[in-house]
Structures are given as C-alpha cells and as structure tokens.
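Values quoted throughout were computed directly from the atomic coordinates according to the rules given, and no laboratory measurement underlies them. This structure is a prediction, so every number in the text was calculated from the model and none was measured. Note: ideal-geometry Cβ built from the backbone for every residue, glycine included; neighbour counts use all protein chains shown.
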Amino acid sequence: MKKIEISASATLYSDVSELSLEDKMLMDKAVEARKKAYAPYSKFNVGAALLLENNEIVLGNNQENAAYPSGMCAERVAVWRAGSEFPNVKVLKLAISASSSITKVDKPVGPCGACRQSLSEYEIKQKQPFPVLFMGEVGEIVKTESLLSLLPFSFDSSYL
Ligand code: THU
C-alpha cells in the first residue's frame, strides 16, 4: 500500500479589477448570461461564457424545470451549445458567475461535479487544457489552468 498525493493549484484574485483584459471581458459575458438565467425555483442564477479559438463567445445559463431534475446547469448549456455549433473549434477559456436573489453570493462558485465531467470530455478531445475562472456575484475569483485539475481520477474513454 502506498499513499499518493493529488494536488491542484489555482490563482485567487481579490476582485475583477485584478483580471487581465481578456479574462475580465469573458467574466463580463458570463455575468451577461447569468442575468438571463431561468431559475424561478432555486433563485440561484449561473452564467457561463466560453471563449473559442475562432474568437466566438458561447454563452449559457441555468435552465430550471418544474420537474427539478429536468433542468440544466449553465456550464453544460454553454459547452453543449459550443459543441453543437462549433464541433471542431477548441475551447480556450471558461468563465462562470453565480448570484442569488435570496442571498449575496460573495464566494467563488465552482462548477458542479456533473458539469466538470461533461466539460472534461471537451478538454480531452481537443488535447489542450483550458483555464476555468469562477466567481460569485462579487468578490474573489478562482482561476485554474485546466478543467481536469478540478477533476482528479475522472472517468474517460480510456476505460471503455
Ligand atoms: N447550477 C449551475 O448552473 N451550475 C453549477 O455548476 C451548479 C448549479 C444551477 C443548477 C440550478 O439551476 C441552480 O444552480 C441551483 O442548484
């Protein structure tokens, strides 16, 4: 038996003013998407913005449903839109922003496990890591250099 270490690193920014121009622009797009979320049940709005290699920006937001499990997260709406509209164009970066009409979201909100798995498919497919930036409505931003760094021991096609 032996212990193995799993490590991941991320950069923590105090607020959007510390971001590069491109990161700030993409986060602004995520905020724009977030404002159009359909979240009447949770009141928790999430927006995602993907920057693609062809300079397109593909947006997504959470779409809820009265049959709760039939709703969908912002990140998967965005990545599936990108995958269907631009099937062979690489993702360069993902920005995520979350807010709530019930409470102030002032901590970075990372993508849920199911979204990490869905997103990992595209990072693996394109053989190029993409940074992921996430935040709440205000406050700190986390930036990781790759999606897979958020998903150790992930499942991929090599197991099939
Ligand atoms: N949600 C997202 O859109 N992305 C995540 O990564 C986590 C959660 C949405 C799903 C649901 O509409 C609401 O946030 C509350 O869970």
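Structure shown: which of K35/K143; K36/K127; K35/K104 lie over 25 Å apart, alpha-carbon to alpha-carbon?
Values: K35/K143 22 Å; K36/K127 32 Å; K35/K104 15 Å.
In this structure, K36/K127 lie more than 25 Å apart at Cα.
Could you compute how fast the stretch 1-58 diffuses translationally, taking Rh as the Kirkwood radius over C-alpha pairs and applying Stokes-Einstein at 4 °C with viscosity 1.567 mPa s? Give it in µm² per second. Write out the running numbers ahead of the final one.
On the way: Rh = 14.2 Å.
It comes out at roughly 91 µm²/s.
Among DSSP beta bridges lying fully in the stretch 1-135, give the percent that are antiparallel, nearest 5.
Working: 15 of 20 bridges.
Antiparallel: roughly 75 percent of the beta bridges in the stretch 1-135.
Once you compute Rg and the Kirkwood Rh from C-alpha atoms, what is the Rg to Rh ratio for the stretch 45-97? Each step should come with its number before you reach the end.
Numbers: Rg = 11.6 Å, Rh = 11.2 Å.
Rounded to two decimals, Rg/Rh equals 1.03.
Rg (Å, one decimal) plus Dmax (Å, integer) for the alpha carbons of the stretch 72-124?
Considering the stretch 72-124 through its Cα atoms, Rg and Dmax are 12.7, 39 Å.
Could you tell me how far the Cα centroid of the stretch 61-83 sits from the Cα centroid of the stretch 84-137, in Å?
The stretch 84-137 and the stretch 61-83 have Cα centres separated by 12 Å.
What does the net charge come to around S154 if you take all other residues with beta carbon closer than 11 Å to its beta carbon, with K and R at +1 and D and E at -1? It would help to have the intermediate numbers written out before the result.
Numbers: positive: R116; negative: E121, E123, D156.
It works out to a net charge of -2.
Determine the gain in length on full extension of the stretch N54-R81; use 0.36 nm per residue of separation and subtract their C-alpha separation, reporting nm with one decimal.
Details: separation 27, 0.36 × 27 = 9.72 nm, distance 1.47 nm.
Value of the extension gain: 8.2 nm.
Residue by residue, what Karplus-based ³J(HN,Hα) values in Hz, rounded to whole numbers, does the stretch 68-82 have, using 6.51, -1.76 and 1.60 with θ = phi - 60° and x for Gly and Pro?
Whole-Hz 3J(HN,Hα) from phi for the stretch 68-82: 2, x, 7, x, 9, 6, 4, 5, 6, 4, 5, 5, 6, 4, 4.
Please compute the volume of the convex hull spanned by the alpha-carbon atoms of the stretch 21-151 and report it per residue in Å³. Provide the component values of the computation, followed by the final result.
Numbers: hull volume 12.6 nm³, N = 131.
About 96 Å³ per residue, rounded to a whole number.
Per residue of the stretch 95-100, what does 6.51 cos²θ - 1.76 cosθ + 1.60 with θ = phi - 60° give for ³J(HN,Hα)? Whole Hz please, x for Gly and Pro, Karplus curve as stated.
Calculated HN-Hα couplings, in order: 10, 10, 9, 10, 8, 9 Hz.
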